[in-house]
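Comments concern the structure below.
The values are calculated or read from the model by the stated rules, or taken from the named source; none is laboratory data. A quick note: this is a predicted structure, and the numbers were derived from the prediction, not measured. Using ideal geometry, Cβ is built from the backbone for each residue, glycine included, and neighbour counts are taken over all protein chains shown. Heavy atoms of the whole protein, side chains included, go into the accessibility calculation; ligands, DNA and RNA do not. Shrake-Rupley method; radii C 1.70, N 1.55, O 1.52, S 1.80 Å.
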Amino acid sequence: MGQKVNPIGLRLGINRTWDSRWYAEGGEYSKMLHEDIHIRKVLRKRLSQAGVAKIVIERPAKRARVTIHTARPGVVIGKKGADIEKLRGDLAKMTKGEVALNIVEIRKPEIDATLIAENIAQQLERRVAFRRAMKRSVQSAIRLGALGIRINCSGRLGGAEIARVEWYREGRVPLHTLRADIDFGYGLAQTAYGVIGVKVWIFKGEIMEHDPMAAEKRAIEAQEGGGGGRRRGGGGGGGGDREGGWGAERPAEPAKA
């Protein structure tokens, strides 16, 4: 059997952080966890037309901060901000505390895995040919700068008697490379024949320079090494002109006897 690992879970703490950021002890933990699940479920149901990719929940000192990453912020905000105020009030009732609601616009929804998966699922529900939907999404993702994309559709495709899996891949999707920035998302299409599952993997490049965790690590290394004498980019700034990855900053060492 194939052992499949969620690429996001695999990279947590390496080049990606958690979607729920808070600390709790004892019975508080399970209470907050179920609260987070409920908040996400309600928001996804209410904002099904807004193209919600990710909901980040933070809880600093008895308060809650909810950040919604969406492709269509206008749908969430509503006319003169009426919808967002109602949403904030409903979330405050759920958490029984003060809630700050932030909206973050996704500039390129064509290279967001969750939005692509949901879009394909909606097309399948409208009886669009699954191959056409998959190919179109692959082409638009590559055109907008993705280095690789893979899409899986599984279920009774085209109303066939036997369920099967069909997939398309373009570019490279290195799932074993931990520093690879791989976005993963899935969607469900409730068709007349049954449920069809859609999975999407997008490779956006290897995280080196713009990774906050890597930047922090480099800054600590520079301090410990007294300003980074071996770096080509000079001290302090974290090795500004790296070129090819982790090993690119070091000059070639002489061969040992």
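Report the Cα centroid-to-centroid distance between the range 131-161 and the range 29-107 in angstrom, as an integer. If you average the Cα positions of each part, the centres end up 29 Å apart.
Grab the other residues whose beta carbon is less than 15 angstrom from that of residue 108, score K and R as +1, D and E as -1, and report the net.
Values: positive: 54, 72, 107, 143, 204; negative: 105, 110, 112, 181, 183.
After counting each charged neighbour, the total is 0.
When +1 charges are put on Lys and Arg Cβ atoms and -1 charges on Asp and Glu Cβ atoms, the dipole computed for the range 1-65 relative to its Cα centre reaches about 300 debye.
Quick one: which of 108/204; 54/199; 80/108; 4/41; 41/79 span more than 22 angstrom between C-alpha atoms?
Violating the 22 Å Cα-Cα cut-off are 80/108; 4/41; 41/79.
Applying the criteria of a DSSP loop state and at most 13 other Cβ atoms within 10 Å to the GluC sites (Glu not before Pro) of the range 1-64 yields 25. Tell me whether the range 8-57 comes out rounded, prolate or oblate; compute the Cα gyration tensor, take square roots of the eigenvalues as a ≥ b ≥ c, and use a/c under 1.5 as the rounded threshold. Since a/c reaches 1.5 but b/c is at least a/b, the shape of the range 8-57 is classed as oblate. Peptides 90-102, 61-73 ranked from most to least packed, by the mean per-residue count of other Cβ atoms within 10 Å: 61-73, 90-102.
Each residue of the range 61-74 is assigned a 3J(HN,Hα), and the resulting list reads 6, 6, 10, 10, 10, 10, 10, 9, 8, 9, 7, 10, x, x Hz, derived from the Karplus form 6.51 cos²θ - 1.76 cosθ + 1.60 (θ = phi - 60°), x at Gly and Pro.
With a 1.4 Å probe and all protein chains left in place, how much of the accessible area of the range 136-209 comes from carbon and sulfur atoms, in whole percent?
Values: 2060 of 3960 Å².
After summing per-atom areas, the C and S share lands at 52 percent.
Each Lys and Arg adds +1 at its Cβ and each Asp and Glu adds -1 at its Cβ; summed about the Cα centre, the range 1-132 shows a dipole of about 360 debye.
Here the gap between residue 6 and residue 168, fully extended at 0.36 nm per residue and compared with their Cα-Cα distance, gives a gain of 56.5 nm.
Based on the alpha-carbon gyration tensor of the range 89-214 and its eigenvalue square roots a ≥ b ≥ c, which shape applies: rounded if a/c is under 1.5, prolate if not and a/b is larger than b/c, or oblate? Walk me through the numbers before you get to the answer.
Values: a/c = 2.22, a/b = 1.18, b/c = 1.88.
Oblate, because a/c is 1.5 or more while a/b does not exceed b/c.
Across the range 140-145, coupling constants 3J(HN,Hα) worked out from phi with the 6.51/-1.76/1.60 Karplus curve, θ = phi - 60°, read 5, 5, 5, 5, 8, x Hz, and Gly and Pro carry x.
Here the Karplus relation 6.51 cos²θ - 1.76 cosθ + 1.60, evaluated at θ = phi - 60°, turns the backbone of the range 97-103 into coupling constants of x, 6, 10, 9, 10, 10, 10 Hz, with x for every Gly and Pro.
Note the direction-averaged projected area, equal to a quarter of the hull surface, for the Cα convex hull of the range 4-99, in nm². Spell out each step's value before the answer.
Working: hull surface 30.2 nm².
Its average projected convex-hull area is 7.5 nm².
Between residue 129 and residue 31, the simple spin-label model (points 7 angstrom out along Cα→Cβ) gives 5.6 nm.
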